[in-house]
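The values are calculated or read from the model by the stated rules, or taken from the named source; none is laboratory data. Bear in mind the structure is a predicted one, so any value in this text is a computation, not a measurement. A quick note on method: Cβ atoms are made from the backbone with ideal geometry, for glycine too, and the neighbour counts reach across all protein chains shown.
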Amino acid sequence: MTVPDFLIVGAMKAGTTTLHRDLGMHPDIFLPAQKEPETLVRFDDLVQCERDYGELFALSAAGMIRGEASTAYTKRPVHEGVAEKARDLTGGLLRIVYIRRDPVARIVSHYRHSNQQGRMPEPLSEALRTYPDLIAFSRYDWQIEPWKRMFGPDRVLEIELETYSANRMETVRRVVSHIGADPERLPLLDDKLVANSAKEMKHIENGLLNSLVRSKFYQRRVKPVVPSRLREASRRAILPPPPDVDVTLSAADLEFIAQQLAADEIEAH
């Protein structure tokens, strides 16, 4: 049976891509080159989920600790029942990793990313009141609650992006220990490499090229054999820089966010 040993479940725009890369440096840990495979939300049937994981982990050696990173797994209410499906698939032995960050900073990063992709063309103040997901995905206690309920709090490791950024090696070692690998075998990490930072994000305007890069063929056949440094260097050289986005928040906006986030403490407990 081919299933993951651990999952990085979020949060969106909270450093999961960097953690995906850092964990992939460990010789005993396997993560597919494709981040965000979203297996548990793309398929309703557990047999299909297992088949997809078989493809994702096809390049892993025997005995490796296998995992994947999909922030869709903590995107309630868009995707519900994901933790329950994960338990049914894995038998409850999964280890979970969840990264939090300052909730307002995550909202701003989420909006900037979506605006640059053309999905939230409205000004930030209007978007906050138009797209509930902007704030919902920062309701961290509410988002992670199903995972704690299904697997138990001991199997869920929550880390702060701010701590991760300030103490990168120490934080990754904690994650490595949590998922069952030896932290002593983790090589030194390059603190200068931060994936998907705002100044590095670039949108592929060409529809055909964008479809190719997002395709299953590219993600699972091409991407694994092209070094990440080469992919990123090519991206910086070929694509134009992302447009500037006004992310100014008024006092009224901050108060609105605070009111919405306050519901997190009520619904999560």
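Taking ARG129, is it of a type in the set (Lys, Arg), touching a residue at least 40 places away in the same chain (Cβ under 8 Å) and over 17 Å from LEU7 (Cα atoms)? Judged against the criteria, ARG129 is a match.
Residues in the stretch 111-126 that are assigned to a helix (DSSP H, G or I) and touching a helix residue (DSSP H, G or I) at 6+ places or on another chain (Cβ under 6 Å): TYR111, LEU124, SER125.
Being of a type in the set (A, V, I, L, M), surrounded by fewer than 20 Cβ atoms within 10 Å (Cβ to Cβ) and either assigned to a helix (DSSP H, G or I) or free of Cβ contacts under 8 Å to residues at least 12 places away in the same chain (or both) is the filter here, so list the residues in the stretch 13-42 that pass it. Listed by number, the list holds a single entry, VAL41. Would you be able to say whether some residue in the stretch 49-61 is part of a loop (DSSP other than H, G, I, E, B) and touching a residue at least 40 places away in the same chain (Cβ under 8 Å)? Yes, that holds for at least one residue.
In the stretch 84-101, the residue that is nearest to ILE8 (Cα to Cα) out of those that are part of a loop (DSSP other than H, G, I, E, B) and touching a Leu at 6+ places or on another chain (Cβ under 8 Å) is LEU94.
Could you say which residue among ILE135, ILE96 is within 25 Å of LEU254 (Cα to Cα) and either out of contact with any His (no Cβ under 9 Å at 6 or more places or on another chain) or of a type outside the set (Ser, Thr, Tyr) (or both)?
ILE135
Against the test of being closer than 24 Å to ARG173 by Cα and either of a type in the set (Gly, Ala, Ser) or at pLDDT below 95 (or both), the options ALA33, ALA58, ALA127 yield a single qualifying residue, ALA33.
Counting only helices (runs of 4 or more DSSP H) wholly contained in the stretch 140-193, the ones carrying 3 or more residues that are surrounded by 20 or more Cβ atoms within 10 Å (Cβ to Cβ) and within 20 Å of the chain's Cα centre (by Cα) occupy 140-151, 168-178. Taken over the stretch 233-264, the criterion of being at pLDDT 65 or above, surrounded by 16 or more Cβ atoms within 10 Å (Cβ to Cβ) and in a helix (DSSP H, G or I) is satisfied by ASP253, PHE256, ILE257, GLN260, LEU261.
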